[in-house]
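Below is one structure, written out as structure tokens; the observations come after it.
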Amino acid sequence: MKNNKWKERLNVVYSTNPDFQYETENRGEQDTLPNEKQMLRISLDKRSRGGKQVTLITGFTGKEEDLQKLGKFLKTKCGVGGSAKENEIIIQGDLRNKIKDILINAGYSKARIVG
């Protein structure tokens with residue numbers, strides 16, 4: 001497979017400086033914050049979903065595997081499907097109040113319903 005190093009270069013097209021170092025993205029994951037410090041926002045979303053409603057949980061700070069665990073926990077408690085990726089958890093249906101209660105009981109005291 002071809003290695004595209006130009007994709008790693010950010011904000012510079014060309015430099016005449018022979019000692020110039022390109023900026024590269026640092027994609028290191030952040031450590032997961034404790035439950036009581038997570039600022040989770042719960043909202044209802046209908047956009048680009050064929051008219052179906054989903055509950056969207058945003059604001060998670062931490063590792064992808066911890067996000068996956070929280071997503072699975074919420075899907076199991078609510079008995080519905082969904083997904084967890086890119087610091088968002090999507091739960092099928094309008095379950096904002098139920099999810100807020102579940103999160104508060106799980107120690108996420110800063111969980112808020114937005115919108």
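The values are calculated or read from the model by the stated rules, or taken from the named source; none is laboratory data. Given the structure is predicted, the values throughout are model-derived calculations rather than measurements. Backbone-built Cβ (ideal geometry, glycine too); neighbour counts: all protein chains shown.
Among residues belonging to the range 47-63 that are of a type outside the set (Gly, Ala, Ser) and in contact with a strand residue (DSSP E or B) (Cβ under 8 Å, 6 or more places away or on another chain), point out the one that is farthest from ILE113 (Cα to Cα).
LYS52
Name the residue, out of LEU44, LEU103, LEU33, that is part of a strand (DSSP E or B), surrounded by 11 or more Cβ atoms within 10 Å (Cβ to Cβ) and at negative phi.
Within the list LEU44, LEU103, LEU33, the selection yields LEU44.
Which of the residues spanning the range 58-103 are β-branched (Val, Ile, Thr) and either at pLDDT 95 or above or closer than 15 Å to LEU44 by Cα (or both)?
Correct list: THR58, THR76, VAL80, ILE89, ILE90, ILE91, ILE99, ILE102.
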Inset, instruction - Output the number of residues of the range 42-94 satisfying the condition of being more than 11 Å from the chain's Cα centre (by Cα) and among the small types (Gly, Ala, Ser). - result: 8
